[in-house]
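S.K.: My questions all concern the structure below.
The values are calculated or read from the model by the stated rules, or taken from the named source; none is laboratory data. Owing to the predicted nature of the structure, the values given are computational and were not obtained by experimental measurement. Counting neighbours? That spans all protein chains shown, and the Cβs are built from the backbone with ideal geometry, glycine included. Only protein heavy atoms, including side chains, enter the accessible area calculation; ligands, DNA and RNA are left aside. Shrake-Rupley method; radii C 1.70, N 1.55, O 1.52, S 1.80 Å.
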Amino acid sequence: MTNKLEKFWRRHHSFLHEHGYELRDKFKPGWVPTWKNAAQRARDPDGRTVPKPYCIVDATRSSDRTPVMLKKVLITENPHEVDICLYLSSLQHQPENHAVPILEVFMSPHFDNVQLVVMPRLRTFEDPWFDTVGEVVDAFRQIFEGVEFLHKHFIAHRDIHWGNIMLDPSRLYPKGYHPADTHRSPNFKSSAKHITRTQCWPRYYLIDFGLSRRYSPDELPFETTQPSADSENITLLPELSGAIPRRYNPFPVDIFRLGFMLTWHFEVDKFPPLQFLLPLAQKMMAKEPSCRPTITEVRRLFAEICLKLTKNQLRLPGHVFSDHMLQQFRQFRHILTCTPPLPRHASFQSAQTALDDNLCPFYTCIASDLDAYVTQRIREDLDAALRIPPWPGYQLRDKFKPGWQPTWKTPLEREYDPNGPPTFNPSTIVDATKISDNKPVMLKKILTSGPDHELEIALYLTSFLEHSENHAVPILDVLQSPHSEDVKLVVMPRLRLFSDPPFDTVGEFIDAFRQIFEVDQGVEFLHKHFIAHRDLHGGNIMLDYTRLYPHGFHPTLEFMTLDFKGFAKHTTRTRCWPRYYLIDFGRSRRYSPDAVPFEVTVPPLNSNRKTLLPEQGGNTPRRYNPFPVDIFRLGHMLTSHCAVDTFPPLQFVLPLAQEMMAQDPSSRPTITDVRRRFANLCRCLTKEQLRLPGSPDSDDIMQRIRRLRHILTWTAPLPRNKDFNSGRFALDDTLRPFYTSVPSD
């Protein structure tokens, strides 16, 4: 009986064969099992199901008969896995890198959200059992080295356990083994024969980066949801304790998991030959994350402990299940043949991968420290600059004043203190108030030395501020940091996420997207000026809340009032029709109309993405036109953020969203085409349809009451005097190839 995953691989047999990879016979189309009963099936190598995890399968590279593993990666579930793996594979020349190398990546020909990753065939790192303490020491020497390499590159694995650490079996099993049953020989007729690690010293690898993340060193890393520990993890991570999710730093979690693996799988608390590792494991499993050592400190402590071991200690049994009689015989043979108990020239510490001491808070700070750390960084960058004339003064909140001390004494008091909530993430922005008129603003730190053109484009768009069609966030002021010539402090109006509060009616949804990409506004205005945003998603579209929230709200906890004594009150968009803005031009580019615009790297969709950009398909970077990417992202936002594919009142937009997300970039409409088609769709709606709920999160009962009130007060379901089909900033038809052509054109 074929399981679901075996059917998946059978369906890909021909595709993989064309690309030079052979699956076993059981995956060939038309294959029929030869066994007739359970006993025969047990003796047949093809009688075994695909090994766990079921997303992987063994294969052989046709060109050189190299054994490999193929992994099915669901982009919707693990959107960062392939990107991180390819990045680490590009650093394979560095010996400290123990990430599994990626040989090739294919897009599935049958599923848009599936990638097929080709890797070397490896074996679980503790199979066969460790023969000596020296073998355990060498394994963890490499494991710690590999994790330090990840952390040095700001990558947290977030799922370290025994099943995600492998070894290269090529020398350990010189005659190989069968992939379906790793304890059987390749022909399945006898047991697989192996030597000991002491005779070949295998290399160890970290695998499975599905939950991993790569962070920016300029922003503090934290997560709010912790992936569950492996199925045998009896001890709950301290970061998961409590009734509600808490922010946590993922780097100390990696340290905890390594310490847990030492105690749980190697029983360093019970097995005498390995008890010398118990103090280190206990430090790594400290309940307080900030008390755990960094991975560089782990390597230093590990080296200090291991270098004190004698040769006799290193030759003791390395595992509880070692055969002691045979193990003693092998050690006697190693002594006679002068075989060392550790690899020659093994390095326990490397200055190349050691973490930067200046970044120690990045790797160790916890949720309660994150806010203080960000606050200190903002003080350093902003405090002096905001008080130097002739610039207009800007006042930060009390918590940013030099010498400020928190007034709360308990976590509960902190929750109800205006200065208690955490600072924004990313740490490059902070709220402030303009002293002259008491207007709320936002300050953003921009590095001018980098490759981005954010400030240049933002100032260019601000020069068109008199155009009502320009929906780029205006720049109010630009300040030079007194501490760094490469840092500018940009002042912008304080805005609010465009979908908060949820749209009350279909009419409110229509007005928002009319401004975002229609009626000569928003994205069309950018494209008309040959600017591609390149990072359009729900978090980069904001609204002017001044009339929507007449009494304001707290800048960090936006559902609270300014004084933090109650919930912020707001009206509906139908009663004030707010203006929407595009923000964050860090990835944006302005192109010359005299040459077709092409980029080589595609910025990833936001972390909640559902579909990978077609431009990212394939195993190598490809050139692409960034303007169709903007269209795809807008269509993706309609489906993933506004649920036009599942929410009935908005399903009239689904055909347009599907056109915008066409797999072939040249088949996508231009932004002017989008505006016109959107206008045609909206004109067909009745007033009753425009007053239907505009979001799945709308309160149906209250929404119906408001709808009735709007009818009785003759409140229009759309803004008056708004032309859906204005052509003032329509794209020039003669420049259509500029906006739609792809590299093959």
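S.K.: Got a sec? Which of Phe513, Phe517, Phe503, Phe564 is over 28 Å from Asp437 (Cβ atoms), out of contact with any helix residue (DSSP H, G or I) (no Cβ under 6 Å at 6 or more places or on another chain) and touching a residue at least 24 places away in the same chain (Cβ under 8 Å)?
M.R.: Working: Phe517 fails: out of contact with any helix residue (DSSP H, G or I) (no Cβ under 6 Å at 6 or more places or on another chain); Phe503 fails: out of contact with any helix residue (DSSP H, G or I) (no Cβ under 6 Å at 6 or more places or on another chain); Phe564 fails: over 28 Å from Asp437 (Cβ atoms).
After applying the criteria, what remains is Phe513.
S.K.: Within the range 538-552, can you find the residues that are of a type outside the set (A, V, I, L, M) and surrounded by 21 or more Cβ atoms within 10 Å (Cβ to Cβ)?
M.R.: Scanning the range 538-552 gives Asn540, Tyr545.
S.K.: For residues that are over 22 Å from the mean Cα position of the chain (by Cα) and either farther than 25 Å from Leu613 by Cβ or not in a strand (DSSP E or B) (or both), tally how many sit in the range 62-91.
M.R.: The first filter runs over the range 62-91 and keeps only residues over 22 Å from the mean Cα position of the chain (by Cα), leaving 62-70.
Those still in the list that are either farther than 25 Å from Leu613 by Cβ or not in a strand (DSSP E or B) (or both) too: 62-69.
So the count comes out to 8.
S.K.: With respect to the numbered conditions (1) over 36 Å from the mean Cα position of the chain (by Cα); (2) surrounded by 14 or more Cβ atoms within 10 Å (Cβ to Cβ); (3) modelled with pLDDT under 75, which one is the sole condition not fulfilled by Trp31?
M.R.: Unmet for Trp31, out of (1) over 36 Å from the mean Cα position of the chain (by Cα); (2) surrounded by 14 or more Cβ atoms within 10 Å (Cβ to Cβ); (3) modelled with pLDDT under 75: (3).
S.K.: Could you pull out the residue among Thr639, Thr715, Thr686, Thr672 that is touching a Leu at 6+ places or on another chain (Cβ under 7 Å), on the phi < 0 side of the Ramachandran plot and among the polar types (S, T, N, Q)?
M.R.: Numbers: Thr639 fails: touching a Leu at 6+ places or on another chain (Cβ under 7 Å); Thr715 fails: touching a Leu at 6+ places or on another chain (Cβ under 7 Å); Thr686 fails: touching a Leu at 6+ places or on another chain (Cβ under 7 Å).
So the residue among Thr639, Thr715, Thr686, Thr672 that is touching a Leu at 6+ places or on another chain (Cβ under 7 Å), on the phi < 0 side of the Ramachandran plot and among the polar types (S, T, N, Q) is Thr672.
S.K.: Okay, moving on. Report the residue count in the range 116-144 for those that are in contact with a strand residue (DSSP E or B) (Cβ under 7 Å, 6 or more places away or on another chain) and either open to solvent by less than 20 Å² (accessible area, probe 1.4 Å) or under 15 Å from Met261 (Cβ atoms) (or both).
M.R.: 9
S.K.: While we're looking at this one, here's another question. What number of residues within the range 413-450 satisfy the criterion of being within 19 Å of Phe553 (Cβ to Cβ), among the small types (Gly, Ala, Ser) and either open to solvent by 40 Å² or more (accessible area, probe 1.4 Å) or modelled with pLDDT under 75 (or both)?
M.R.: Within the range 413-450, residues that are within 19 Å of Phe553 (Cβ to Cβ), among the small types (Gly, Ala, Ser) and either open to solvent by 40 Å² or more (accessible area, probe 1.4 Å) or modelled with pLDDT under 75 (or both) number 1.
S.K.: May I pose another question? Which condition does Leu258 not pass, out of (1) at pLDDT 85 or above; (2) in contact with a Phe, Trp or Tyr (Cβ under 8 Å, 6 or more places away or on another chain); (3) open to solvent by 40 Å² or more (accessible area, probe 1.4 Å), if it passes all the others?
M.R.: (3)
S.K.: Modelled with pLDDT of 90 or more, basic (Lys, Arg) and crowded, with 19+ Cβ neighbours inside 10 Å, is that true of Lys71?
M.R.: Taking the combined requirement at face value, the residue satisfies it.
S.K.: Select from the range 160-178 the residues that are buried (at least 22 other Cβ atoms within 10 Å of the Cβ) and in contact with a Pro (Cβ under 8 Å, 6 or more places away or on another chain) and write down the one among them that is modelled with the highest pLDDT.
M.R.: Ranking the candidates gives Pro169 first.
S.K.: Related question: Just to be sure, is Val147 modelled with pLDDT of 90 or more, out of contact with any Asp or Glu (no Cβ under 8 Å at 6 or more places or on another chain), open to solvent by less than 30 Å² (accessible area, probe 1.4 Å) and part of a helix (DSSP H, G or I)? Write out each step before concluding.
M.R.: Numbers: modelled with pLDDT of 90 or more: yes; out of contact with any Asp or Glu (no Cβ under 8 Å at 6 or more places or on another chain): no; open to solvent by less than 30 Å² (accessible area, probe 1.4 Å): yes; part of a helix (DSSP H, G or I): yes.
Criteria not met by Val147.
S.K.: Would you mind finding the one in Arg171, Arg158 that is under 17 Å from Leu258 (Cα atoms), among the basic types (Lys, Arg) and part of a loop (DSSP other than H, G, I, E, B)?
M.R.: Matching residue, one of Arg171, Arg158: Arg158.
S.K.: Of the residues that sit in the range 198-218 and are within 16 Å of Asn97 (Cα to Cα) and aromatic (Phe, Trp, Tyr), which one is surrounded by the fewest Cβ atoms within 10 Å (Cβ to Cβ)?
M.R.: Tyr204
S.K.: Do you know which of the residues in the range 179-197 that are modelled with pLDDT under 85 and of a type in the set (Lys, Arg) is surrounded by the fewest Cβ atoms within 10 Å (Cβ to Cβ)?
M.R.: Only one residue tops the list, namely Lys189.
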